[in-house]
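First comes the structure, then the notes that go with it.
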Amino acid sequence: MKSRVLIICCMLLQAALLVAIEPPNLHSAIMLDAKFYTEGNSNSGSYDSSNRFQVRKAAVELEGDLDEKIEYSVEFGVSTCTGTGINLKLMDASIMYRLNENFGLGFKQGHVLRGFASSTECTDRLTMEKPLFLPTFATCHPTGIVAEYYHEFGASSSLITEIALMNGANGTLDGEHDYNLGAIYHTPLDGLAFAGSYNLTAANYYDPLTAMSYSEDGYRSLLGINYDNYNISATAEYMMGKGFSNDKTEMIAAYAQAAYAIPINLGQVRYIQPLVLFEYWDKDSATDADSEYSYLNAGLNISIGDHSKLKFNYKMPQQKAAGTPEQESSLIARLQMSF
């Protein structure tokens with residue numbers, strides 16, 4: 001993977017020299033975590049429930065224009081959302097052709113337009129992490145062809161739409177696919193936006209007990225609302241879907257989060273931002289089986305200068321399916337910097 005990243009960087013540099021374009025813009029981000037668990041099966045040997053320090057993310061992004069019509073970006077680094085964060089990986093990459101200022105068509109590996117939580121970069125996220133259920137509903141960094149369109153309704157509102165034809169959950173088109181239609185509408189009311197998406201999925205699921213199962217007519221749908229103004233940040237999204245480990249499995253999930261930024265302006269501390277997040281997940285909504293889970297998160301973000309934040313999050317399981325193991329509570333502290 002290291003050689004793959006090096007080759008990509010060399011190709012971008014060679015392209016810049018050949019067509020005499022400006023050097024790419026350089027962005028970097030680092031997120032360092034201290035994680036502590038209590039109750040349940042905490043510290044029983046599982047990586048996901050063991051006290052530890054970790055590099056949540058350390059990445060560098062290059063982005064720029066090959067000419068006035070073609071944009072590119074590539075991000076590489078380490079991140080625990082793509083593994084344990086030990087190995088250098090290509091995380092995101094895209095090349096987009098801009099037919100005009102409103103329409104773009106290209107190839108990418110990265111976030112697609114599946115609501116607010118899925119399309120927000122981790123360094124820009126209000127909460128520590130995405131809602132727990134999101135990776136089950138959709139691949140975080142899929143790869144495929146993307147067409148996007150931006151339209152303004154006067155000076156006060158706009159609509160972003162995107163069609164994405166992506167690989168399936170296992171990264172192939174061998175009987176798999178992930179076709180997504182997404183939109184975000186920014187309303188005339190400053191700070192208020194709505195999101196919606198619908199995608200068709202087919203995937204191969206590998207299980208050591210059943211060898212393999214297949215879902216060929218799955219779907220996912222999402223509705224969301226976001227408000228960000230007057231120091232208030234609030235988001236709620238509702239998801240439902242069918243075709244997970246098999247065609248018959250149905251799930252519903254939702255989250256709601258809210259925060260208020262209190263100006264401080266004391267030295268490097270610009271503001272403190274208390275927040276709360278509630279998550280709900282029914283893993284088998286089509287039956288009467290007990291399959292409901294819920295979590296309550298309380299957090300605090302502290303802005304340190306223009307580029308750094310200190311974040312704290314305490315997660316408390318509220319509800320679980322009968323007969324399943326007790327779940328862990330967790331306290332995570334994060335130092336985050338981006339440039």
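So, Gly115, is that one surrounded by fewer than 17 Cβ atoms within 10 Å (Cβ to Cβ) and of a type in the set (Gly, Ala, Ser) or not? The answer is no for Gly115. Restricting to region 33-51, count the residues that are in a strand (DSSP E or B) and within 20 Å of Leu88 (Cα to Cα). Adding up the residues that qualify gives 1.
Sub-7 Å Cβ pairs linking a first residue in region 269-294 that is under 12 Å from Ala258 (Cα atoms) to a second residue that is at pLDDT below 95, at least 6 apart or interchain, are Leu275/Leu126; Leu275/Thr127; Leu277/Thr127, ordered by first then second residue. Considering region 321-339, and only residues there that are under 24 Å from the mean Cα position of the chain (by Cα) and part of a loop (DSSP other than H, G, I, E, B), the residue that is farthest from Arg52 (Cα to Cα) turns out to be Phe339.
If the condition is being small (Gly, Ala, Ser), more than 24 Å from Arg334 (Cβ to Cβ) and over 20 Å from the mean Cα position of the chain (by Cα), then region 250-306 contributes Ser285, Ala286, Ala289, Ser291. When we screen Gly175, Gly182 for residues that are assigned to a strand (DSSP E or B) and touching a residue at least 40 places away in the same chain (Cβ under 8 Å), the only hit is Gly182. The set of residues in region 307-320 being more than 23 Å from the chain's Cα centre (by Cα) and not in a strand (DSSP E or B) consists of Lys320 alone.
Does Phe244 meet the test of being in a strand (DSSP E or B), in contact (Cβ under 8 Å) with a residue 24 or more places away in the chain and either among the aromatic types (Phe, Trp, Tyr) or farther than 22 Å from Glu129 by Cβ (or both)? When the stated conditions are applied, Phe244 does not pass them. Regarding region 286-299, can at least one residue be identified that is closer than 23 Å to Gly196 by Cβ and at pLDDT below 95? Yes; the residues of region 286-299 include at least one that is closer than 23 Å to Gly196 by Cβ and at pLDDT below 95.
The values are calculated or read from the model by the stated rules, or taken from the named source; none is laboratory data. All figures in this text were calculated on a predicted structure; none of them were measured in a lab. Positions of Cβ are generated from backbone atoms using ideal geometry, with glycine treated the same way; all protein chains shown enter the neighbour counts.
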